[in-house]
Structure formats: structure tokens, C-alpha cells
There are 2 protein chains.
Amino acid sequence: MDNIVIKKELLKMLGKEKVLTEDLDLMYYSYDSSFLTKLEPSNPYAVVIPRSTEDLQKVMRFAYENNINIIPRGAGTGETGGCIAVKGGIVLDLSNWDEIIEIDASNMQVILRPGVIHAELNKELAKYNLFFPPDPGSSLMCTVGGMVANNASGLRAVKYGCTEQYILGLEVVLPNGDIITTGGIKAKCIKNVSGLNLTKLMIGSEGVLGIVSKIRLRCWPKPKARGIAMAVFDDLDQAPAAVLDIYQAGILPSGIEILDSSAIQAVNQFKPEINLPDAEAILLFEVDGNPPSVEYEGNVIKEVVGKRARNVEWATDPKRMAELWEGRSVTATAAARVRPGASRVFAGEDISVPLAKVADTLRAIRALGDKYGIKVVNYGHIGDGNVHTAPVINPEDPAEIEQVLKLVHDIHLLAIEMEGSTTGEHGVGAVRRQYARLEHGNAVDIMEGIKKVFDDKGIMNPGKLF
Amino acid sequence: MDNIVIKKELLKMLGKEKVLTEDLDLMYYSYDSSFLTKLEPSNPYAVVIPRSTEDLQKVMRFAYENNINIIPRGAGTGETGGCIAVKGGIVLDLSNWDEIIEIDASNMQVILRPGVIHAELNKELAKYNLFFPPDPGSSLMCTVGGMVANNASGLRAVKYGCTEQYILGLEVVLPNGDIITTGGIKAKCIKNVSGLNLTKLMIGSEGVLGIVSKIRLRCWPKPKARGIAMAVFDDLDQAPAAVLDIYQAGILPSGIEILDSSAIQAVNQFKPEINLPDAEAILLFEVDGNPPSVEYEGNVIKEVVGKRARNVEWATDPKRMAELWEGRSVTATAAARVRPGASRVFAGEDISVPLAKVADTLRAIRALGDKYGIKVVNYGHIGDGNVHTAPVINPEDPAEIEQVLKLVHDIHLLAIEMEGSTTGEHGVGAVRRQYARLEHGNAVDIMEGIKKVFDDKGIMNPGKLF
């Protein structure tokens, strides 16, 4: 079907308020936070802004009948091109469909639409002393629907796991417009092992199976206290060793973050007043729980990590905690500032490796940076081996672009070689699908077969995941 | 293919030590712990005891070529007929394939074969200060492979979730003998969002997709301390209300168990020396963590639950904890003793309902028991709404059998009506598949489609799950 006809039909079906067709509007939907879509933005044919399951069904039936691709989008904070119409199609902007349908505190769960912002959800849940533990860096912007699509996690995955751990059920609109409910049509229970686990299959499926139109999510009691320890290391190998020591001591921190020397430099250049100590690595341990538990674990961390670190500072005072955490929280922004006028590239930015191989991995990334003449800033969630790498280049220089693309390819291969994955939490999208066979072998055949069960015409977010 | 030929071929292929063909041997495989298979045991054609992936592949290829059903079996502790050849076929007894291949403490994971016993695994992990948290009642007998097949959980699911939360990857032998590895072919990382989540899809799939031949499992630091509170209630409604109060107070116990008046009676009849107080309900709260945390939470439980309970006793002394827990631990056995010469029936024994509906559900089950003239003993994991019901009958009396089958059907319907599920942790198997459409509606079509992707000939454990 011709693009002009598609636009006309959508406008007729849903009206001007729910359909964008102007180039200027579409351009906003041509990229996300990935480097790929900075290089190759791609306008969709049109954007639909659904406000109900019925809206969604109408668009899906239309797309299905006419073989038009459908690409769901949350807040566009993704770093993989996952929400971009790389092969053309209609983008569904779900970010405005942000109703919290019910907070059922007596059953420890909440039912919501996909467009609810993560931080907003936690603000509402806090009124009931509850919270949704996964804590992505983009909390203030990202949608819970996007978190479901990517199985997002972030700072607290060490203790609290990823989004999947909290999803009890989903309403899903299939490509042909049919609706299924996973986790039980009417169910509001916490535990349920009936049937194949379609809920978990949908989570992290990046929009290639269907559209999540409603989410039933489990909440947890909000812990009363937290504390943060900053440990400074002269020897990179001592950092992961200290993490393991903490586990061995029976402690599961809510977050364990690393800044290696490159990130320390970046932060100090960006904000000299933060004044991080010069070191091979800094670790931040966050623990939460009840007050005496936090105090106890702080003492253990000081003692245990103190044996490997140059020094360890422990804080429970909110002001001091914020200061200790500031270095980590500005790192993503600071990375770009290691070189005046340069930009941080979001590519190869989310590898995951076994804890015992974190130090070797960081050294290998430094060597790759040297090989390609590109500065790389490293930080991330060391507690579960999830390393964020930030190559910094002049984005106007084609030679540097060529070099950085080679670099990130090598970083992805390095992750697999280190018995890790090309992505720990950001997802595959368009940028990492080339590694699917390398990571999963013939299991990809099964994935493709499953996709066909949901999406026989192949219209759901093509060019993504595998 | 004729049964006699199947036996001959298997013996030729794998030898006498790995193949059972005698009726007396096969009879052992004709039932599990379900009431269904007590009523209708079903011998397999033969039993194969594989000792390697190659053994498995040989059997699978043979079965695939000749359209013979394959039924995997762990320890046979299941209560759903899940491991029984209800439609004929070859049973694979995986319980002897019990090698722990690697405990990789520095990456917080263990790689093992499906036949490892749960308690054995935790004994080995304890040497490294690690543990695998799910804690089924059958811990001393059940296999980790069976736990994966059923997504088992048990006492600690409130805080620690179900088996699925800990499985990082699986080796799966498909019906045609091909092997796939989920979670990454070479991966040993903790976090990985690459590709469709086949690991989670396999968990709880009850052997209808393929055979799990290797398990990569995440472990957690073993907590240093625990404590138990016993709270006695004169009013049934106060018990779930007290559970909610505890969550609201920011506490997530590692277990919250209930014995209602029927279970209290059963325990006291079975072992008068336990001498549980006469009450409408008893709750047991178990908390774990570091020592000061456990002490703090004990104080909160005493204070918060004390407002609703007749009295609350708190213990951290191992001897007293064991005494407080004893009532709960003997309940399953005690249930049968409420009536001399009677038996407990494992049917309708695992419903799950929203926490806010637990009291109404227990009352409704009592009323159903009265309606059918059958004594029902109720207990279970109230923290997540998972209620175990134990109808007690004379198993030699056909009239009572007829009545109890009506009763458990009504209990299953009640669970769905209460916005719950027919199974919280035991699984569907042969006994609950009739409720699949009622629970999942048209999502069952997708499940059936997915099954075909794995098992195009429909030979994997037919007559189960949906």
C-alpha cells in the first residue's frame, strides 16, 4: 500500500489527534539514543498514538490486512534502534497511554498501561510503602512498557533482578488484532504455574511478537534504610575480588557499581569539584533494608573490602550518600567530556561478562581503544558483570566513525569470547541482531519459529532481535 | 511400532543397564504422588535411564522416527501425573543422571545434570557459603530437573521467588534429537537479555517441549541468621490482614505459612505432644538475613502482628525454632490422620488466590467439604496466596471417590473464580489440563503453536499442560 494511502486511511480511522503524518513530526521518531540511528535515521510512514486497546486493534487489523510493518515505541530512550522503523512501517507511540489502572496494595500489585513512566509509578507506589525495584538509569523518562519490551533493569539488578521478575501478567494485542492475556485471563494471584509461561516469553521480546497493552506488575515492600560505601582500588583485579568477598560474607547489596580509571578521569574533568581520588577503580556498594541491617552490612563492607581497597568510606547520611553517588550518576554524561567537542557513542555499550572476567575485559577494552585510537570510558553494574562502555569520538569525522564501528564490533565479539553476552540490559534491537547466531546458535531457529506463531506475516518490528 | 519391538530396539541401542522392560519394573513408573495415578496407573512401554546427552539423543531420534511418545521423569514426587505415560510411551528416568558438573563460586553459579537432588545441591553449595533458595517440601527427594520442569518453589517463594528466577541457561534435547542451548551457547554471565527468553519458556513447560539435559543455575549468598514467629489467631480474617501489615511495615519474610483450624486439629491428633493452641488459624513467619536484621524484624513482627493475634511467640534459638516449625512440617502427613484408616488425596491440592481472598477461599473450601461430606485440611504458603488443601477419604469407597472428584473440581473452579489459579507451584500435568482454556482463554492457541515449533510430531509428554 502506498504511503500516502496509509496516512489517509489512518487519519480516517483514528483522527488527527491520534495520527501524525507530517515529516517534521515523523523526524522525531526517526531515531532513539543509539549511534546507529544517529548515523541512519529512518522516518516511519506514520505515527499512531493509541489511547485504548480498541485503537490498537484497529491499527493492527489494518496493518495485518495490508502487510504493513508495526513498530511499538515507548519513550525512545533505547540504545539499540529497537523502536525505529528500519524497514519502514507505522510507529505506535505508546508513551502517552500512561494510566495507572489500579494499585491493589492488598494484593501487592499494580495494573497499568504501557506508557507509565518508571519514576511516576514508584512515586505513586511509595504512597502505599511499596516499590517496583528495577531501577534503570533512564527512570525519569523511560516507560514501564519499554522496560517490559527490553527486560530492563539497571542499578539494582544484583539484588532485585530484572523487570521480568515482577511481571505477573500482560494483555497483548497480536498482529492480527486478537487479544490474549498472559498469566491468567482473570488472575490476580502472585503465584501461578499454569500453562506455558507466555508472560516471561513476551518480556524482552522487543516488540517482535505483539504489542503489550496492559501490565500486571508485582510490587515489593519498600525498604526503610540504605547506605553507601565507596571503595578506592590501586589494583583493578582487586575490585571484582572484593565483590566476590562481599557475596561470600553473606551480603547481597542492592547495587554494586564500578568506575574504572577512564571513568574517574572523565568525571573529574567534567566536574572537578567532585574530586574523585585518582585510582585504578572505584566501587560503590549500596545496601538497603532495615536500619540495623544496613549498619551491620556497612561494617562488614568496611572490614571485608578494606582488606583489598586503598580505603573505604561508608555513609548513611543522605547528603553524604548523594555526594558519594554523584561520580557514578554523572559518568554517562561526563564520558563525552574527556575530549572537547567530542560525543559519546551509544554502541557496544552494554556487554555482560562473568564476574571473574570483569578485570580482563576492562583491560582488553582499553587495548582495543588503543588499537583503534579511540578513548573508551568504562563503568557499570559490576555486581552482575554488566559493563557499560562509552567510546568518545568526533561524530563529524568519517574516519573516526569507521574506526569506532570496528571497535564496537570487537567489543561485542570480546563479550562473547569472555563467556558473556553482547547485551546485559539494553537489548538487541537493530544493532546487535547480527550476533544472534553467534550467541545462540540453532536456538535462533526456535526463536524464529515462535515469532511465526505470533506473527505469521512478519509485520511486527522487523529487522530486530534476531 | 509394536511394544515388543520397541523394547527390543531400546535394549539393542542402550543395553540392559539403561533400559527397563519388565512389568514389575514398569509398574514403579505407572504412578506419581497424584490421586489420578492412584486411581488409574499407567505403565510405560519401557523406561530408559540415560547417562549422557548422547543416550538422550539416541532415544529421542528413535522415538521421533517411530512416533513414540516420550515422557521425562525426575524423582516422581509430582502430584499431577506429569511424569506418567497416560497415553503410552517411553519414560526417561533422569533421576540417576545426577552429576554436579561445576560449582563456579566466583561467578555465583553451578552447572548440573537434571537428576541432582535439591537438598544435595544445597549441601554442596553450602561449602561455598552459597545456596539455591527455592525450597520445596520434597527437598530431600525431588530433582532440580523436576523443579525446572514444574517451576517449583515452596516455602521461600515469598521472598526468593520460584525456580525460574535462578535459571540462567539450559541445554535442551529436542524431540528430533537436536540440541539447543538457551541463555547463550557459551555464556556464563548472570545478566543477558539477548534473544527471546527460551530459558524462561522452558521452565514450567512440564516436558511438553523437550528434555532438559543440563542446567546452569544462579546461586545466592547464604544468609547468616534466621528467626521464626508463631502467631495464633481467633479470627480467620486477621491472618491475611496481619500478612499485609508485615509487608506494609517494610518486611519481606522468607516464608509465611498458615495452618487453619482443620490443620491445627490434624496436627494435634497426629502428634498430641506438639500441642498446637486451639485457634482459627496459626501463622508462621520465617525471616532471614544478618543477625541484627533478624532481631529487628522479629521485634516488628511481634509488635505489628501482636495487634491482630491472640499471641505471638518469637524464637531464634534453633531448638525452639524447630519446635515452632514442627506443626507445619508434619501437616502434610498429619492430614490423613484426622480419620482412622483414611487417606489424604493429592488432588485440587495447590490452588493460588490473591492474598485478600485467602480467608474467603478457606471458608468456601470448608463449605464445599461440608457439601460433599468430606473432611478437608487446609494449610500452605499464605504469603503468596498459595493454599494447599488435603481432602481425606476412604480410598476403598467408590462413593467417596466420586464425591472427592466433584469436590476437587469445585475447588479448582473456586480458585479461578477467586481470581486465582488452579496451581500455584505443583503444575498442571494430566490432572488440571481441562482448566487451561478457562484460565488462559485463547492464549492456549499460542501455547499450542509454540509446542508445535518444538515438537512437530506431538510426541513430547502428550496429554499434559493444556
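Going by the alpha-carbon gyration tensor, a ≥ b ≥ c the square roots of its eigenvalues, is region B:225-333 rounded (a/c under 1.5) or, if a/c is not under 1.5, prolate (a/b greater than b/c) versus oblate?
Numbers: a/c = 2.15, a/b = 1.33, b/c = 1.62.
Oblate is the answer for region B:225-333, as a/c is 1.5 or above yet b/c matches or exceeds a/b.
Going down the table (A:LYS188/B:LYS200; A:LYS302/B:LYS191; A:LYS302/B:LYS188; B:LYS8/B:LYS58), which pairs top 19 Å between alpha carbons? Walk me through the numbers on the way to the answer.
Details: A:LYS188/B:LYS200 21 Å; A:LYS302/B:LYS191 27 Å; A:LYS302/B:LYS188 29 Å; B:LYS8/B:LYS58 14 Å.
Violating the 19 Å limit, Cα to Cα: A:LYS188/B:LYS200; A:LYS302/B:LYS191; A:LYS302/B:LYS188.
Taking all pairs of different Cα atoms in region A:100-221, averaging 1/r and flipping that mean, what Kirkwood radius in angstroms comes out? List each step's numbers first, then the result.
Working: mean 1/r = 0.0700 Å⁻¹.
Mean inverse Cα-Cα distance, inverted, gives 14.3 Å.
Kirkwood Rh, region B:1-153, all Cα pairs: how many Å?
16.3 Å
Any idea what the relative contact order of chain B is, in percent, if you count C-alpha pairs under 8 Å spaced at least 6 apart? Before the final figure, lay out each step's value.
Numbers: 1010 pairs, mean separation 72.6, N = 466.
Relative contact order comes out at 16 percent.
Using alpha carbon centroids, what distance separates region B:38-93 and region B:274-326, in Å?
Each part's Cα centre sits 44 Å from the other's.
When we measure straight from the Cα of A:LYS452, which aspartates and glutamates land under 12 angstrom away, once same-chain ones fewer than 8 places off are left out?
Hits, sequence-local ones excluded: zero.
Give the ranking of B:GLU439, A:GLU54, B:GLU65 by solvent-accessible surface, highest area first, calculated with a 1.4 Å probe.
Details: B:GLU439 10, A:GLU54 110, B:GLU65 135 Å².
So the residues, ranked largest to smallest area, are B:GLU65, A:GLU54, B:GLU439.
For B:LEU217, A:LEU244, write out the residues from largest to smallest accessible area, computed with a 1.4 angstrom probe and no ligands counted.
On the way: B:LEU217 0, A:LEU244 40 Å².
Order by accessible area, largest first: A:LEU244, B:LEU217.
Check every DSSP H run in chain B and write down those whose alpha carbon atoms cover 27 angstrom or more along the long axis and whose mean Kyte-Doolittle hydropathy is 0.5 or greater. Walk me through the intermediate numbers first.
Details: long enough: B:398-417 (29 Å, 0.57).
Long hydrophobic helices here: B:398-417.
What do you get when you divide the Cα radius of gyration of chain A by 2.2 N^0.38 Å, with N the number of residues? Don't skip to the end; give the middle numbers.
Details: Rg = 22.5 Å, N = 466, 2.2 N^0.38 = 22.7 Å.
Cα Rg divided by the expected 2.2 N^0.38 Å: 0.99.
Given the options B:TYR160, B:THR181, B:GLY15, identify the residue whose Cα lies farthest towards the positive end of the charge dipole of the protein assembly as shown (+1 on Cβ of Lys, Arg; -1 on Cβ of Asp, Glu).
B:GLY15
Looking at B:VAL59, B:THR80, B:TYR31, which one has the Cα that reaches farthest to the positive end of the dipole of region B:3-95 (charges on Cβ: Lys, Arg +1; Asp, Glu -1)?
B:VAL59
Taking a label point 7 Å from Cα toward Cβ, how far is B:GLU124 from its twins in the other copies, in nm, shortest first?
4.6
Which distance in Å, rounded to a whole number, links the C-alpha centroids of region A:175-208 and region B:401-466?
Centre-to-centre (Cα) distance: 15 Å.
Mind checking the per residue accessible area of region B:97-255 for me, 1.4 Å probe, whole number of Å²? Walk me through the numbers before you get to the answer.
On the way: 4090 Å² over 159 residues.
With the other protein chains kept in place, region B:97-255 gives 26 Å² per residue.
If I model a spin label at B:ARG51 and A:ASN67 as a point 7 Å from the Cα along the Cα→Cβ vector, what separation in nanometres do I get?
Those two pseudo-labels are separated by 5.6 nm.
Give the average, rounded to an integer, of partner chain Cβ atoms located within 10 angstrom of each Cβ in B:201-211. Mind dumping the intermediate values first?
Details: counts 8, 2, 4, 7, 3, 3, 0, 1, 2, 1, 0.
Partner-chain Cβ atoms within 10 Å, mean over residues of B:201-211: 3.
To one decimal in nm, how far is A:ASP178 from the same spot in the other copies, if labels go 7 Å from Cα toward Cβ? Please give the shortest first.
Copy-to-copy label distances for A:ASP178: 2.4 nm.
If packing is taken as the average number of other Cβ atoms within 10 Å across a peptide's residues, how do B:414-424, B:163-173 rank, most packed first? Mind dumping the intermediate values first?
Working: B:414-424: 25.9, B:163-173: 24.0.
Those peptides, ordered most packed to least, come out B:414-424, B:163-173.
Using a 1.4 Å probe and counting only protein heavy atoms, how much accessible surface gets buried when B and A come together, both sides summed, in Å² to the nearest 100? Could the numbers behind the result be given before it?
On the way: alone 19790 and 19770 Å², together 32160 Å².
For chain B against chain A, roughly 7400 Å² becomes buried.
So if I place +1 on the C-beta of Lys and Arg and -1 on the C-beta of Asp and Glu, and nothing else carries charge, what would the dipole magnitude of region A:157-287 be about its Cα centre? I want it in debye, nearest 20. Display every interim value, and only then the final one.
Details: 12 positive and 14 negative charges, 279 e Å.
Approximately 1340 debye in magnitude.
How far is B:THR316 from itself in the other copies, in nm, if each label sits 7 Å out from Cα along the Cα-Cβ line, shortest first?
1.6
The values are calculated or read from the model by the stated rules, or taken from the named source; none is laboratory data. These numbers come from a predicted model, not from an experiment. No Cβ is skipped: glycine too gets one built from the backbone with ideal geometry, and neighbour counts run over all protein chains shown. Calculation scope for accessible area: heavy atoms of the full protein, side chains included, ligands and nucleic acids excluded. Shrake-Rupley method; radii C 1.70, N 1.55, O 1.52, S 1.80 Å.
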